[in-house]
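Scroll down for the structure; my scribbles are underneath it.
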Amino acid sequence: MNILLVYPKYPDTFWSFKHSLKFISKRAAFPPLGLLTVAAMLPEGWQKKLLDLNVEPLLDEQLAWADLVFISAMIVQKESALQVIKRCKALGKKIVAGGPVFTTQHEQFQDVDYFVLNEAEITLPLFLDDLAGGRPKHIYTSEARPCLTRTPVPLWSLIDIKNYATMAIQYSRGCPFNCEFCDIIIMNGRVPRLKSIEQMQNEFQALYDAGWRRSVFIVDDNFIGNTPKVKELLPALIKWQKEHRFPFTLLTEVSANLANDEELMQMMCAANFFKVFMGLETPNHASLVECGKNQNIAKKMSEVVDTIHRHGMQVMGGFIVGFDHDPDNIFELQVRFIQQIGVVTAMVGILTALPQTRLWHRLKAEGRLLSDATGENTDGLLNFKPKMEKEKLIAGYQRLLTTLYSHKHYYQRIHTFLRNYTPTARTRLTKEDLVAFIRAAWRLGILSGARFRYWQLIVKSIFVKRKALPIAVELAIHGFHFEKVLKRVCRP
């Protein structure tokens, strides 16, 4: 059979880094890891092609070639997925769909022929068996949580890795915490399930053999969800990195309790982790209690961030406004909080009720749900009735973003971050980095209204903390992207 795997397009969002990618001549931030993994689960004798709409357009000739079209998408990719499905149906192609948006909202995609939902290690073999027998069902679903030792290495040969800024690997699924707004435990459960050390070594080696020599995103919901097992894994990754002369810089998602474990931070640093994303959410204690973010209450977040920065890992933070317990001045509190802790990459969104989460069920029971979530948590759209007056919340949110991503505040945060940051990651500067620096010098150092602040940052980095110069340039470039996204979010 001829199988075409299609990954829908992302809109221009905070995390798309669309405007940053131009500086390094990349077409997309991350590869479609889920589809690449699914492709490796399909029969070896099948012909497979993968089309990432974030990299190139989908042509009718490609659809005509396919016997089956596999689509996987997140909620934020819903509109693009619908367009792909419409084109497939117009050409009479059978569609197999899976991934987060279909798992939580499959009833909204009436033209899909086969839904392979939840985790593919369980549901995909069931579909393939029925397909081989000529009796495929419309929906395949399972509440079982598969062991990840059955998960194959992604089929990297289906993409051109040069199109991407960062590669992706998964180590675990699930998170032990139970935040009210989070859909991670809906999708993957509260007990982290892990790949073996050997699997992770094989996945690192597969990327290395494919020619990759840049950053790798370990996409886990919470990489340190099972800390004892992570401490068993990290020595093997450190050994592999040393043997291969540290080809990868690593980033991942963690919870705030990382800052309580000195041994774990040192091991992550030794493995060449240089960034971590953390849900910091809010400085308002009552709102943290409301959403069940207990791991953020035990210790001051300023100390958490400072500790991690001093261990060579840049904290990227998620922040939320719109909680029922938010005071009227939450927007000013958030600005003060984010500026103080020096989280430069600050993703601030209005609270969103994602399907089937505890928050979704509570708001539904209270009659406060208004619409489906867009999946884009920085678009400023509400899908529920907030306790704060709606107009006040939206105006405050836009004011918050405008302040945070003004040239003054953004560059102040970079300086705060660099003051506390101790660079430890072993990085390899490439021609792409040099080109990015030249493009930044022109676009940010000459054409931008922030040119004085840009050159002040560059000069200070060179004389005060030279090893941090690459990340200073990168953050300045990301600021250009955030500025572009801000104009869309804060439109009149």
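Quick note: the coordinates plus some simple rules give every number you see, no bench work behind them. Quick caveat, the model's predicted, so the values are computed rather than measured. Cβ: placed from backbone, ideal geometry, glycine included. Neighbour counts: every protein chain shown.
Its Cα gyration tensor gives region 124-222 an equivalent ellipsoid; the semi-axes, largest first and in whole Å, are 26, 22, 13. Once the C-beta distance of N2 and Q356 is scaled by a Förster radius of 22 Å, the resulting FRET efficiency is 0.05 to the nearest 0.05. Of the trypsin sites (Lys or Arg not before Pro) found in region 294-368, those in coil by DSSP whose Cβ has at most 14 other Cβ atoms within 10 Å are K299, K300. Which whole-number percentage describes the relative contact order of region 2-140, with Cα contacts under 8 Å and a sequence gap of 6 or more? Computed value for region 2-140: 24 percent relative contact order. Bridges between two residues of the chain, per DSSP, are antiparallel at a rate of about 5%.
Taking a ≥ b ≥ c as the square roots of the eigenvalues of the alpha carbon gyration tensor, region 2-140 is prolate, as a/c is not under 1.5 and a/b beats b/c.
Here the chain is treated as a sphere whose radius is the Kirkwood value from Cα pairs; by Stokes-Einstein at 37 °C and 0.692 mPa s it diffuses with a coefficient of 139 µm²/s. Taking the DSSP beta bridges with both ends in region 166-420, the antiparallel portion is around 10 percent. Residue separation of W65 and D209 scaled by 0.36 nm, minus their Cα-Cα distance, works out to 48.9 nm of gained length.
Straight-line reach from K467: taking Cα to Cα under 18 Å and skipping same-chain neighbours fewer than 8 places apart, the lysines in range are K275, K431. Think of it as helices only: each DSSP H run of n ≥ 4 in the chain is worth -39500 (n - 2.57), and spread over all residues that comes to -13000 deg cm²/dmol at 222 nm. As a proxy for reagent exposure, H361, H478 were ordered by neighbouring Cβ count within 10 angstrom, fewest first; the result is H361, H478.
Length gained on full extension, I446 to H325, computed as 0.36 nm times the residue gap minus the Cα-Cα distance: 39.1 nm. With axes computed from alpha carbons, what is the tilt in degrees of helix 301-310 against the longest principal axis of the chain, rounded to the nearest 10 within 0 to 90? For 301-310 against the chain, the angle is about 90 degrees. Subtracting the Cα-Cα distance of Q456 and E44 from 0.36 nm times their residue separation leaves 142.8 nm of extension gain.
Between F452, V489, L434, the Cα set farthest toward the positive side of the dipole of region 431-489 (charges on each charged residue's Cβ, about the Cα centre) is that of F452.
Which lysines, if any, have their Cα less than 22 Å from the Cα of K390, not counting same-chain residues under 8 positions apart? Reachable lysines: K364, K487. Among the listed pairs K18/K385; K26/K460; K49/K293; K49/K86, those whose Cα-Cα separation exceeds 30 Å are K18/K385; K49/K293. Compared with the dominant principal axis of the Cα atoms in the chain, helix 407-420 is inclined by about 90°.
Relative to the longest principal axis of the Cα atoms of the chain, the long axis of helix 197-209 lies at roughly 90 degrees. Reducing region 321-398 and region 221-251 to their Cα centroids gives an inter-centroid distance of 34 Å.
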